[in-house]
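Each reported figure results from applying straightforward, stated rules to the coordinates on display, with no laboratory input. What you are looking at is a predicted structure, and each value in this text was computed from that prediction instead of being measured. As a convention, Cβ positions derive from the backbone with ideal geometry for all residues, glycine included, and neighbour counts pool all protein chains shown.
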Amino acid sequence: MVEIKFNGKRYAYWQQVSISASVDDLAASVQLGVTRSGTGERLGINENSVVEVLIADTVVATIRPDMVNRHVNANSHSIAIEARSLGRELVDCQYSQTLSGLKLAEIVKRLCSTFNVPVQIDADTTLVPDFALQCESPANALINAARAANLLLYATPDGGLKLTEPTSAAPVATLVYGEQIEQFSVVDEYKLRFSEYLVKGYDYASDKALKGGVKDAGIGYFRPLHIMADKAGQSLGGCDRRAELERNRRKARAHRIDLDVYGWTHAGGVWEINTQVRVVIPDEDIDGVYLIGDRAFSLDDQQGSMTRLTVMRREAFLGEEAPAKAKKAAKHKKAKSKPIIYASDLE
């Protein structure tokens, strides 16, 4: 069951639910809807409200509303809420700030403090010689700096952000097609890849131009990507290393799997991004450990409670070459599908 909590009140039994988060986004997104008989009354949420979203008494998002829509007719009333977590201000706002001689962790802390966004730092970070925003979104600059450092920066349940490495922890669950997995999609997004990567920069200390490049041997036609390196990225080993990171990350991200699994939890709790799962799909020769990059909870009167997980190899977030293909999956007996619980069955 999904509940929202604010001003000491709790509202439950939402009929339509979508709660999504991604390691590539600084704000989680929430959509809730319900229709009841009668004319109803205002929910009490306004533009300044901070709302906790709970699943099974676990906070999964802390949000501010983007829109509240109340619709009333002679027989019923409905409420629809669209909202995002507190990091949305870093996404929406245009801001100017210049910071010099600070580590990436301190830059993240300062910008989050400015916008009153909680932050957790769980990584060692290098010095960023110069970091400047000029009438631009803080989110874009922060995400680019985190990627250049091979780190993740993503929304947390308290509404804030976490700067950390892609997890190397053991899988939290094993998901088998026909058992926990209802359906899946294997996605090869070829447009993410280029035949060659050229990174250009400038060393102001020595007053000389810099460049580095690398090729993707899998692309057999001319499709170049030229990148102007920022100063934050150059601290990771130069333009050659930056080009390698870009190629390897794009090769890994071009192949992903979307999984629809029953319910919103596993044995250890609610599904979370930046955790690993073992995925077994025998007919696709898939049996390996993948990192959850995107997670979306949903509830409707057709499928009941479901979770969409987008998983990729951990190398997709590290910029490392993918390992050799895993051995063919062992055969699993196909278990009976778990019954779907409809919203109308909730008590």
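Looking only at the range 31-42, which residues are farther than 20 Å from Ala21 by Cα and surrounded by 18 or more Cβ atoms within 10 Å (Cβ to Cβ)? Outline the logic, then answer.
Taking the range 31-42 as the starting set, the residues that turn out to be farther than 20 Å from Ala21 by Cα are 34-42.
Selection gives Val34 alone.
Yes or no: Arg10 charged (D, E, K, R) and more than 30 Å from Thr275 (Cβ to Cβ)? No; evaluated as a whole, the condition is false for this residue.
Residues of the range 54-69 include at least one that is without any contact (Cβ under 8 Å) to a residue 60 or more places away in the chain, under 30 Å from Gly263 (Cβ atoms) and assigned to a loop (DSSP other than H, G, I, E, B).
For the structure I just gave you, tell me whether Ala105 is assigned to a helix (DSSP H, G or I), among the small types (Gly, Ala, Ser) and more than 17 Å from the chain's Cα centre (by Cα).
On the way: assigned to a helix (DSSP H, G or I): yes; among the small types (Gly, Ala, Ser): yes; more than 17 Å from the chain's Cα centre (by Cα): yes.
So Ala105 passes the test.
A Cβ distance below 7 Å, combined with a sequence gap of six or more or placement on separate chains, defines the contacts here; from the range 174-195, residues that are free of Cβ contacts under 8 Å to residues at least 60 places away in the same chain reach residues that are not in a strand (DSSP E or B) in the pairs Phe194/Asp216; Phe194/Ile219; Phe194/Arg223; Ser195/Asp216; Ser195/Ile219; Ser195/Tyr221; Ser195/Phe222; Ser195/Arg223.
Checked against the criterion of being surrounded by fewer than 18 Cβ atoms within 10 Å (Cβ to Cβ) and hydrophobic (A, V, I, L, M, F, W, C), the candidates Ala105, Ala80, Ala149, Ala139 yield just one match: Ala80.
Results for (1) crowded, with 16+ Cβ neighbours inside 10 Å; (2) under 18 Å from the mean Cα position of the chain (by Cα); (3) basic (Lys, Arg), shown as yes or no for each residue.
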{"position": "Ser113", "(1), (2), (3)": "no, no, no"}
{"position": "Thr125", "(1), (2), (3)": "yes, no, no"}
{"position": "Ala132", "(1), (2), (3)": "no, no, no"}
{"position": "Asn144", "(1), (2), (3)": "no, yes, no"}
{"position": "Gly160", "(1), (2), (3)": "yes, yes, no"}
{"position": "Ala173", "(1), (2), (3)": "yes, no, no"}
{"position": "Val176", "(1), (2), (3)": "yes, no, no"}
{"position": "Tyr190", "(1), (2), (3)": "no, no, no"}
{"position": "Ser206", "(1), (2), (3)": "no, no, no"}
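Total residues in the range 197-225 satisfying the condition of being farther than 28 Å from Tyr290 by Cβ and of a type outside the set (Gly, Ala, Ser): the figure is 13. A count restricted to the range 59-77 and to residues that are buried (at least 19 other Cβ atoms within 10 Å of the Cβ) and closer than 19 Å to Asp300 by Cβ stands at 2.
Can you say whether Ala56 is in contact with a Phe, Trp or Tyr (Cβ under 9 Å, 6 or more places away or on another chain), of a type outside the set (S, T, N, Q) and surrounded by fewer than 18 Cβ atoms within 10 Å (Cβ to Cβ), as far as the supplied structure shows?
yes
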